[in-house]
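Asker: Handing you this structure, nothing more for now.
The values are calculated or read from the model by the stated rules, or taken from the named source; none is laboratory data. As the structure is a computational prediction, the values presented were derived from the model and not from experiment. Neighbour counts run over all protein chains shown; Cβ positions are idealised from the backbone, glycine included.
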Amino acid sequence: MKFELPDEFDLILMNPPFTRATGRVGKEFKGKEKGLFGFIADESVRRKLKNKLDAIREKANKDLREMLKPQHKLSIGQAGEGALFLYLAYKYVKQGGVIGFVLPKSLLSGVSWFLLRALLVKKFHLMYVITSSEKNEYNFSESTNMSECLIVAKRVEEHNENETTLFVNLLKKPKSATEAVILTQKLVNGKLSAYDQVIVNSVKREKLLENLTNWGVFTGLITNIATRIERGEIVSVVSVPLTELNSLVTSIGVNRRGDIISAFKLPVKGTRVDCSKLLKSPNSFPMLCGSSEVTRKKMIVKPNAWVVPETEDAKKIIEKYAANVLLPNRIRWSTTHVVALFCDQSVVSNTYFMTRLKVDEERSKALTLWLNTTWGILLVLKQMEVTEGAWTSLNIAQWKSLKVLDVTKLDNDCVKRLSKVFEEFCDKEFKRIPEQFGDEPDALRLSLDLEFVKAINPSIDENKVRLELASLYKALKNELSLMTSNL
């Protein structure tokens with residue numbers, strides 16, 4: 001039987017595959033060695049289909065780059081096949097038609113999804129973005145436990161100034177189709193109540209454009225607080241200068257762990273580097289190996305392994321990247337104690353981004369301190385890309401664009417005070433981050449934030465700061481409670 005597909009569609013609904021073109025599948029799958037579309041028995045058919053998909057990918061990259069010329073160096077290479085289906089929906093939906101997609105939550109903040117966000121905001125009225133924060137229920141698909149989002153968008157060529165997007169965060173997902181229909185009607189009619197356990201943020205299109213690098217900020221409870229902090233307002237009576245981290249770094253890397261493993265010929269046990277085999281020897285270079293919880297309890301760290309730079313790549317990595325400041329590639333908030341680490345000597349790392357700064361040691365310590373204050377943590381939360389529940393990631397581009405304390409704008413006396421606060425707290429063990437906040441915050445957390453503020457302004461009214469911090473801690477506790485599965 002033959003049938004013809006229309007050239008355009010009024011409605012496109014899809015839950016596309018998220019896999020990347022590497023075609024990774026389970027060990028039991030017999031066709032895995034074939035890569036993408038390995039389930040197709042006829043190799044000539046599989047190859048034909050893959051070639052067609054590759055052509056679509058090339059066309060999508062070209063079209064999307066043209067649409068956003070200033071960002072022409074970006075691509076959708078790591079966004080997965082879901083990105084291509086979204087592009088095809090754009091090509092085949094009618095003007096005024098609607099698309100509904102289930103996609104990885106990284107759509108909202110992933111660098112590889114940047115061009116797709118640009119497509120949505122330019123060629124569509126993005127009507128709804130729905131996410132879930134229910135414990136262990138971050139997905140909308142049956143066959144994954146990864147964090148997902150549901151989007152609904154209307155194809156348009158012209159936009160109006162009143163165009164808004166509703167970001168809907170489900171604290172509890174509907175358990176049946178009937179519950180979903182009832183909740184949808186309440187949402188559409190603006191009749192949601194606290195009993196529905198839904199957080200809704202109405203965002204104007206201009207805000208989507210301003211925050212094109214990260215729409216994830218609109219899904220949480222702390223959006224307004226983080227926006228205020230980005231203006232430098234940490235408490236009502238104290239402001240600090242902020243800048244993008246990129247303006248303070250000489251280099252930050254390495255983006256791929258495999259590069260470190262290959263360059264230094266690191267021993268691997270299972271899926272991890274065997275740090276116990278990396279012993280100190282003549283001509284060895286210090287390293288922070290692995291990212292176990294014990295390495296994330298204090299701001300100060302010491303080398304726990306040593307590597308010998310035998311290859312040219314290893315020598316180049318040391319020459320270009322070895323650093324004192326270390327920033328995580330991935331953060332599991334339920335087991336993280338501090339965000340940024342400082343080592344009193346330059347090291348290499350296979351799990352942290354080595355971050356070489358343009359500033360002296362005192363200012364480097366002040367910056368590390370800032371990243372571990374509540375305000376620094378909040379901005380990291382705003383910038384992060386959620387991958388699965390409490391798991392988040394920040395790649396190099398996201399770290400570079402993160403707003404941080406501009407230590408170059410502080411006078412020397414202020415820097416000395418901040419460096420002294422760092423020295424006071426750097427060797428103390430912090431509780432896990434979710435345990436530091438709430439109605440009864442951890443004493444060490446409160447003390448660090450207070451001392452930071454007093455270093456910025458020694459004449460501050462401490463009681464007033466305590467009251468503001470209490471409110472801030474409650475908001476942050478609520479945000480972390482939505483993310484972490486052990487609370």
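Asker: Sort through Trp375, Trp370 and tell me the only one that's in contact with a Gly (Cβ under 7 Å, 6 or more places away or on another chain), touching a residue at least 12 places away in the same chain (Cβ under 8 Å) and within 20 Å of Ile460 (Cβ to Cβ).
Answerer: Unique residue meeting the criteria: Trp370.
Asker: Considering only the range 133-170, state which residues are crowded, with 18+ Cβ neighbours inside 10 Å and touching an Asp or Glu at 6+ places or on another chain (Cβ under 8 Å).
Answerer: Tyr138, Asn139, Phe140, Ser147, Leu170
Asker: Name the strands (runs of 3 or more DSSP E) wholly within the range 82-174 that hold at least 2 residues that are farther than 22 Å from Glu385 by Cβ and among the charged types (D, E, K, R)?
Answerer: 148-155
Asker: Continuing with this model, one more query. Tell me yes or no: at least one residue of the range 178-190 is free of Cβ contacts under 8 Å to residues at least 24 places away in the same chain and outside any helix (DSSP H, G or I).
Answerer: Looking through the range 178-190, at least one residue is free of Cβ contacts under 8 Å to residues at least 24 places away in the same chain and outside any helix (DSSP H, G or I).
Asker: Quick one: which of Lys431, Lys416 is under 27 Å from Glu134 (Cα atoms), surrounded by fewer than 19 Cβ atoms within 10 Å (Cβ to Cβ) and charged (D, E, K, R)?
Answerer: When all the criteria are applied, what remains is Lys431.
Each row is one residue, and each column tells you yes or no for (1) crowded, with 20+ Cβ neighbours inside 10 Å; (2) touching a Lys or Arg at 6+ places or on another chain (Cβ under 8 Å); (3) at positive phi.
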{"position": "Tyr321", "(1), (2), (3)": "yes, yes, no"}
{"position": "Leu327", "(1), (2), (3)": "yes, no, no"}
{"position": "Arg330", "(1), (2), (3)": "no, no, no"}
{"position": "Ser334", "(1), (2), (3)": "no, yes, no"}
{"position": "Val339", "(1), (2), (3)": "yes, no, no"}
{"position": "Val347", "(1), (2), (3)": "yes, no, no"}
{"position": "Thr351", "(1), (2), (3)": "no, yes, no"}
{"position": "Leu357", "(1), (2), (3)": "yes, yes, no"}
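Asker: Taking the criterion of being farther than 18 Å from Leu341 by Cα and surrounded by 12 or more Cβ atoms within 10 Å (Cβ to Cβ), would at least one residue in the range 287-299 satisfy it?
Answerer: Taking every residue of the range 287-299 in turn, none turns out to be farther than 18 Å from Leu341 by Cα and surrounded by 12 or more Cβ atoms within 10 Å (Cβ to Cβ).
Asker: Only one of Leu266, Leu327, Leu341, Leu245 is in the same structural domain as Leu379 (by TED's automatic domain parsing), more than 20 Å from Thr374 (Cα to Cα) and of a type in the set (A, V, I, L, M, F, W, C); which?
Answerer: Leu266
Asker: Say whether the condition of being modelled with pLDDT of 75 or more and touching a Lys or Arg at 6+ places or on another chain (Cβ under 8 Å) is met by at least one residue in the range 75-85.
Answerer: yes
Asker: Restricting attention to the range 408-431, does a residue exist that is at pLDDT below 95 and not hydrophobic (A, V, I, L, M, F, W, C)?
Answerer: no
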